[in-house]
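Encoded as structure tokens, the structure appears first; notes follow it.
The values are calculated or read from the model by the stated rules, or taken from the named source; none is laboratory data. The structure presented is a predicted model; accordingly, all values stated were derived computationally and were not measured. Here the Cβ positions follow ideal geometry from the backbone for every residue, glycine too, while neighbour counts run over all protein chains shown. SASA here: full protein model, heavy atoms, side chains in, ligands and nucleic acids out. Shrake-Rupley method; radii C 1.70, N 1.55, O 1.52, S 1.80 Å.
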Amino acid sequence: MTISSVASSNPEFTLSGLSLPMTLAAGQSAPFMLTFRPQASGTASGTVTFTSNATNPPVAASVTGTPAPQHSVSLSWTASTSTVVGYNMYRGTQTGGPYVAVTGSPDASATYTDNSVQAGQTYYYVVTAVDGSGNESVYSNQAQAVVPTP
């Protein structure tokens, strides 16, 4: 049998590792990789069809994929009783720092959501208050967030 083409009904599923056309003898197999690259949240499905010169109709395989969970860390704190223009958020991967700024400029909100965290990582956060002259307070107490592994 000669496999002449492979097609996916959903572009989120791509097949690689086969050099087509490919001839297989009876009982022979060929490894390949099916990759799922989600474009949106939620489950995606499709059909991968193998076309060959075999006497039976094309072989079709149903495929389903669910994206890995997207993690985030949400933080909130009590607003300063002093006059401030906003807060700077800092993050580190070791307790006690060093910390790196994760906000580009002071944010007036007393909340922050970090959408750039990675599964299986522990993060340490501190916040500072910034006044109208640009003076920044000392770091707040450290908050720890453990991001689960999917």
- What pairs come up if the first residue lies in the stretch 129-150 and is closer than 12 Å to residue 90 by Cα, the second is part of a loop (DSSP other than H, G, I, E, B) and of a type in the set (A, V, I, L, M, F, W, C), and their beta carbons are under 8 Å apart, counting only those six or more places apart or on different chains? 129/84; 140/77
- Message: Please pick out the residue among 81, 93 that is surrounded by fewer than 12 Cβ atoms within 10 Å (Cβ to Cβ) and either within 25 Å of the chain's Cα centre (by Cα) or not basic (Lys, Arg) (or both).
- Response: 81
- Criterion: surrounded by 14 or more Cβ atoms within 10 Å (Cβ to Cβ) and either out of contact with any Leu (no Cβ under 7 Å at 6 or more places or on another chain) or farther than 30 Å from residue 122 by Cα (or both) - qualifying residue of 48, 100: 48
- Task: Within the stretch 104-114, work out how many residues are open to solvent by less than 50 Å² (accessible area, probe 1.4 Å) and either within 20 Å of residue 70 (Cβ to Cβ) or not in a loop (DSSP other than H, G, I, E, B) (or both).
- Result: 2
- Taking the stretch 115-150, which residues are in a strand (DSSP E or B) and open to solvent by less than 50 Å² (accessible area, probe 1.4 Å)? 122, 123, 124, 125, 126, 127, 128, 129, 130, 143, 145
- Message: Among the residues of the stretch 1-24, what is the count of those that are over 14 Å from residue 61 (Cβ atoms), part of a loop (DSSP other than H, G, I, E, B) and open to solvent by less than 60 Å² (accessible area, probe 1.4 Å)?
- Response: 2
- Item | Whichever residue in the stretch 33-45 is open to solvent by 70 Å² or more (accessible area, probe 1.4 Å) and part of a loop (DSSP other than H, G, I, E, B) and, among such residues, is nearest to residue 115 (Cα to Cα) | 41
- Query: Which one is modelled with the lowest pLDDT among residues in the stretch 56-97 that are farther than 22 Å from residue 141 by Cβ, in contact with a strand residue (DSSP E or B) (Cβ under 8 Å, 6 or more places away or on another chain) and among the aliphatic types (A, V, I, L, M)?
  - Reply: 59
- Identity of the residue in the stretch 58-75, over 23 Å from the mean Cα position of the chain (by Cα) and in contact (Cβ under 8 Å) with a residue 12 or more places away in the chain, that ends up surrounded by the fewest Cβ atoms within 10 Å (Cβ to Cβ): 62
- Note on the structure: Subset of the stretch 50-65, residues among the hydrophobic types (A, V, I, L, M, F, W, C) and part of a loop (DSSP other than H, G, I, E, B), comes to 54
- Message: Could you tell me how many of the residues in the stretch 24-47 are at pLDDT below 95 and within 19 Å of residue 4 (Cα to Cα)?
- Response: 11
